[in-house]
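The block underneath contains the structure these notes are about, expressed in structure tokens.
Read-outs throughout are calculated quantities, based only on the coordinates presented, and are distinct from any laboratory measurement. Predicted, not measured: the structure shown is a model, and the values here were computed from it. With ideal geometry, Cβ positions are generated from the backbone for all residues, glycine too; neighbour counts draw on all protein chains shown.
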Amino acid sequence: MRTMVLLKAVPDPRHWHQLRLDPETRTLIRSGVPMTINPLDRHALEEAIRLRETRGGEVIVISMAPPEAGPVLREALAFGADRAVLLSDRKFAGSDTLGTAHVLAEAVRALGGFDLVLAGDETIDGGTAQVSAQVAEFLGVANLMHVSRVEARKDRPWLVRSMNERGSILVEIAPPMVLSVVKGLNEPRYVTMMNILEAEQKDLATWTAEDLPPLEPIVGLEDSATQMADLFVPEGGQRAELLGGDPPAQARELADRLHRLGFC
Ligand SMILES: Cc1cc2nc3c(=O)[nH]c(=O)nc-3n(C[C@H](O)[C@H](O)[C@H](O)COP(=O)(O)OP(=O)(O)OC[C@H]3O[C@@H](n4cnc5c(N)ncnc54)[C@H](O)[C@@H]3O)c2cc1C
């Protein structure tokens, strides 16, 4: 079985205070900020490795990111992926989600046939939750989001559970398909020192636009279908006030203030 995992390198939340906005391009300046695997993509990768452990096959990680994301992909290899492809080209920079999905889908195609493409439901930086469905659309295959359980079945459609606000639905769905996953799917494994050493021997390729078929003119900052009209950091202010006194006094003060504000 061949599984491709879409993995985004995102700014490490422990360093978010270093992030800046570029007022010209209205994009995040990520350079100099350490990157890490997008949290939900760890669950996607874990599921891909579990499926390989039970059904055999290959796990390929694909990421569109600047060259600095190399160590993040090396970490994915230590995690257990067989090989990784970093899609890195100045032509890709500034792409919106449609452009990103187009490049990712072309890379999936260029890597040959697949049974499954796994992604996270959303990222912790862009967080649009659009990319997995767009990739499925470009590839012309079925797509299911909010996936919390995957049961692969031989010669029959798979059973896949998808969460929604009221509970979940169990869907019969046949590969090839794109699934995007939620946190409850699995518990990602720990990486050992041996895994890290083994990962050094694995193939991490960097592809540019030249390695893909001619792309539609929807990639890059200029050609993206959507343009950022504004991007700003909300102004911080002293909006929080800690009430003094013991808990009963705090509760009385809070109730009194709410009453004066007309809440009760
Ligand atoms: C007008 C515009 C300009 C932008 N300019 C820039 C820019 O200059 N620089 C920049 O870094 N971002 C830019 N972005 C943001 C960029 O489009 C998104 O980061 C990217 O498309 C992914 O969207 P997302 O983070 O919302 O992914 P989501 O849809 O929330 O991600 C869902 C899943 O898709 C997969 N995925 C998403 N992105 C990738 C990826 N790159 N590689 C592999 N898998 C992925 C992951 O599995 C992820 O969990 C721009 C966005 C817009 C709208």
Check your understanding: Cα gyration tensor of region 177-237, axes a ≥ b ≥ c as square roots of the eigenvalues: rounded (a/c below 1.5), prolate (a/b > b/c) or oblate?
Key -> oblate
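If eta is 0.692 mPa s and T is 37 °C, what Stokes-Einstein diffusion coefficient results for region 1-99, Kirkwood Rh from Cα pairs, in µm²/s? Working shown, then result.
Values: Rh = 14.5 Å.
Rounded to a whole number, D works out at 227 µm²/s.
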Check your understanding: In a Debye calculation with equal point scatterers on the alpha-carbon sites of the chain and no solvent, what is log10 I(q)/I(0) at q = 0.07, 0.09, 0.13 Å⁻¹?
Key -> -0.31, -0.49, -0.86
Review point. Can you pull the Rg over Rh of region 29-156, Cα-only, Kirkwood?
Key: 0.94
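Calculated from DSSP H runs of 4 or more alone, at -39500 (n - 2.57) each and per residue, what is the 222 nm mean residue ellipticity of the chain, nearest 500? All intermediate terms of the calculation are to be shown ahead of the outcome.
On the way: 6 runs with 71 residues, N = 264.
Result for the chain: -8500 deg cm²/dmol, rounded to the nearest 500.
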**Study point:** Centre separation in Å (Cα based) which lies between region 189-264 and region 104-152
**Key:** 21
Point to revise | Efficiency of FRET between Val233 and Gln130 - r from beta-carbon atoms, R0 30 angstrom, step 0.05 | key: 0.85
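Within 10 Å, at most 12 other Cβ atoms, and a DSSP state outside H, G, I, E, B define an exposed site. Report the longest part of the chain free of exposed GluC sites (Glu not before Pro). Spell out each step's value before the answer.
Numbers: sites that count: Glu24, Glu165, Glu200, Glu222, Glu235, Glu241.
The answer is 25-164.
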Check your understanding: About its Cα centre, how strong a charge dipole does region 150-218 have in debye, to the nearest 20, once Lys and Arg get +1 and Asp and Glu get -1 at the Cβ?
Key -> 520
**Study point:** For region 128-258: span of alpha carbons on each principal axis (Å, largest first)
**Key:** 66, 43, 39
Study note, to complete from the structure: Across 5 Å bins beginning at 0, the whole-percent shares of Cα-Cα pair distances in region 62-120 come to 4, 16, 27, 26, 20, 7, 0
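Rounded, prolate or oblate for region 99-189? Axes are the square roots of the Cα gyration tensor eigenvalues, ordered a ≥ b ≥ c, and the cut-off for rounded is a/c under 1.5. Show your work: numbers first, answer last.
Values: a/c = 1.79, a/b = 1.14, b/c = 1.56.
Judged from the Cα gyration tensor, region 99-189 comes out oblate (a/c at least 1.5, b/c at or above a/b).
What chymotrypsin sites (Phe, Trp or Tyr not before Pro) does region 203-264 have in DSSP loop regions with at most 15 other beta carbons within 10 Å? Can you show the working numbers first?
Numbers: sites: Trp207, Phe232, Phe263; in loops: Phe232, Phe263.
Those that pass, being in a loop and sparsely packed, are Phe232, Phe263.
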Point to revise | Proximal lysines relative to Lys8, as straight alpha-carbon distance under 29 Å, when same-chain residues fewer than 8 apart are discounted | key: Lys91, Lys183, Lys202
Review point. Could you give the distance between the Cα centres of region 14-37 and region 66-96, to the whole Å?
Key: 17
